[in-house]
């Protein structure tokens, strides 16, 4: 599966991160449990990813995909914004990096 597992890994990490953020803001235990389930998913998909790809590849693609997916979701769902054009350019370069990792 390779790339699909890494995509799932990044997606469940975002799920976990968002729920832990909401827990931190509200102290509602439901969000804590959802965040922990998200991170259990991270462990599961990390193991699956490492069965087919090496650590260097998995870490590079995971970090990039996670950053892109979480940034887009935070922009649209949480209303988060970056503070400068340079930061948006950095996010764009992250996308380029993920594409280059995938093509290689």
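Looking at the structure I just gave you, is residue 31 touching a residue at least 60 places away in the same chain (Cβ under 8 Å), under 16 Å from residue 73 (Cβ atoms) and part of a helix (DSSP H, G or I)?
Criteria not met by residue 31.
Return yes when residue 65 is closer than 21 Å to residue 96 by Cα, part of a helix (DSSP H, G or I) and over 16 Å from the mean Cα position of the chain (by Cα) and no when it is not. Break it down into steps so the answer makes sense when it comes.
Working: closer than 21 Å to residue 96 by Cα: yes; part of a helix (DSSP H, G or I): yes; over 16 Å from the mean Cα position of the chain (by Cα): no.
In short, no.
Confirm whether residue 40 is over 13 Å from the mean Cα position of the chain (by Cα), modelled with pLDDT of 95 or more, in a helix (DSSP H, G or I) and more than 25 Å from residue 79 (Cα to Cα).
In short, yes.
Considering each of 85, 65, 100, 91 in turn, give the residue that is out of contact with any helix residue (DSSP H, G or I) (no Cβ under 7 Å at 6 or more places or on another chain) and under 18 Å from residue 10 (Cα atoms). Lay out the reasoning, then the answer.
Values: 85 fails: under 18 Å from residue 10 (Cα atoms); 65 fails: out of contact with any helix residue (DSSP H, G or I) (no Cβ under 7 Å at 6 or more places or on another chain); 91 fails: out of contact with any helix residue (DSSP H, G or I) (no Cβ under 7 Å at 6 or more places or on another chain).
None of the others qualify; the one that does is 100.
The values are calculated or read from the model by the stated rules, or taken from the named source; none is laboratory data. Note that the structure is predicted; figures quoted are calculated from it, not measured. Neighbour counts run over all protein chains shown; Cβ positions are idealised from the backbone, glycine included.
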